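I have placed the structure first, in the form of structure tokens, so that the comments after it can refer back to it.
Just so it is clear, none of the values below were taken in a lab; they were calculated from the coordinates. It should be emphasised that the depicted structure is a prediction, and the values quoted were computed from it without experimental measurement. Glycine also receives a Cβ, built like all others from the backbone with ideal geometry; neighbour counts cover every protein chain displayed.
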Amino acid sequence: MLKRTLAACIAATTMTAATAADVEVLHYWTSGGEAKSVAYLKEKLTEAGVGWKDFAVAGGGGENAMTVLKSRAVSGTPPTAAQIKGPSIQEWGDLGFLADIDSVAQANNWDALLPSVVSDVMKHEGKYVAAPVNVHRVNWLWANPAVFQKAGATIPTTWDDFIVQAKKIKDAGLIPLAHGGQAWQDATVFEAVVLGVGGADYYQKAFVELDQATLASDTTDEVFRVFGELRGLIDENSPGRDWNVATSMVINGEAAMQIMGDWAKGEFTVAGKTPGVDYVCVAAPGTSGAFTFNVDSFAFFAQSDADAQAGQQEMAKQILGEDFQEVFNLNKGSIPARLGMARDNFDSCAHASMDAFVASAQTGGLVPSFAHGMAVSEAVSGAIYDVATNYFNSDQSPADGKSQLVEAIQAAM
Ligand code: BGC
């Protein structure tokens, strides 16, 4: 109904946007590449006559945003839509907060447009309550080839080689690994080590199914051993550093590498850098056949006002549109969540991600990111964050790391 009203208004005058519903959108996209991406959503909605009330809460990985969201929801004033994902969508749905946008999804055939690994997460009790904007691959290594050349090092493909090459870079007086010492970034690197050292089956059993015997196996000691080696490969200013500041260290040649999801590519892109020339993207060591997926999505909060509901529906519709999926993902560094999109405008890193997404789904290497809220409940991922960050910032032994992990996960389940 809103759409018809809007169409009539737009036909009459171009100044009628004020009569349309606004959507208040909570998100945590504040870095250069992220801000450019979310600006396109605002633009699409504005074009469709829906006003945008920006509710940005800075803080990589979204922990701050989730805290603010909870307080708004508890006080009875949730935003119209919020950037939440993975099992959290189910948690919010179970609490009765979410609006059903199934009519938009059915009218636009979302079941056919989305891979089931994505659409399953967007539904609560069989009905769509969230719309996916992208698929991020988390297990990436971003490297500056000029720094490698200066140090006489080569880009590593295994964790053992990573340590050897990183030492050469350190000996040349350069920073091997650009890292921001924040719990979620520690967990992101830890996740890459888990996947590279243990492989996808171990990852799935230990960190998705939370199988205690697998968590307590010798592989976990080896994971902590390698993770511990990385302590000496970062610089002393890393505590508290934002992830995009770490990315800029690779961009400007201060550091050789960063382990980060492909939102990092958004930063290289806004800096005008070209993949394969100014920087290199390769799978994190030991993970070339695997793909830790992280799907960003907007969940819609139940609204009593009919205009607000119409605004939500328009937002959901725009998000799955081909145009939005292309432009947003070109800026964000991710690949479209929507199937069958043209690849031509995407770069070589995106092509590698698209290929790995399809190939890993066939081999069992496609696994949800536990560091980015896709695999386990917030309680369990919080426990993993704590263990990873305590370990990385101390001189705990691998055996200590393992026993703390096993205990913390058990307590959080
Ligand atoms: C989100 C990305 C975001 C990144 C840094 C991830 O968890 O999925 O969209 O760019 O955190 O904030």
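Summary of computed values
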quantity: Percent antiparallel among DSSP beta bridges (both partners in the range 8-162, rounded to 5); calculated: 20 percent
quantity: Cα centre as origin, Lys/Arg/Asp/Glu Cβ charges: the range 111-179 dipole, Debye; calculated: 280 debye
quantity: Counting DSSP beta bridges with both ends in the chain, the antiparallel % (nearest 5); calculated: 55 percent
quantity: Distance from the range 275-299 to the range 33-95 (C-alpha centre basis), Å; calculated: 24 Å
quantity: Net dipole in debye of the range 182-240 [+1 Lys, Arg Cβ; -1 Asp, Glu Cβ; about Cα centre; nearest 20]; calculated: 40 debye
quantity: Additional length obtainable on full extension of the chain from ASP94 to ALA379, 0.36 nm per residue less Cα span; calculated: 101.0 nm
quantity: Residues LYS53, LYS273 arranged by fewest to most Cβ contacts within 10 Å; calculated: LYS53, LYS273
quantity: Selected from VAL129, SER394, VAL208, residue furthest toward positive end of dipole (the chain; charges at beta carbon); calculated: VAL129
quantity: Point-charge dipole on Cβ atoms (K/R +1, D/E -1) for the chain, about Cα centre, debye to 20; calculated: 720 debye
quantity: For the range 291-413: rounded, prolate or oblate by the Cα gyration tensor [a/c cutoff 1.5]; calculated: oblate
quantity: Helix 378-392 axis, angle to the chain major axis (alpha carbon atoms, nearest 10°); calculated: 30 degrees
quantity: Full-extension gain in nm, SER394 to LYS150, via 0.36 nm per residue minus C-alpha separation; calculated: 84.7 nm
quantity: Amide N proximity, the range 254-283 versus THR363 label position 7 Å along Cα-to-Cβ, cut-off under 15 Å; calculated: 283
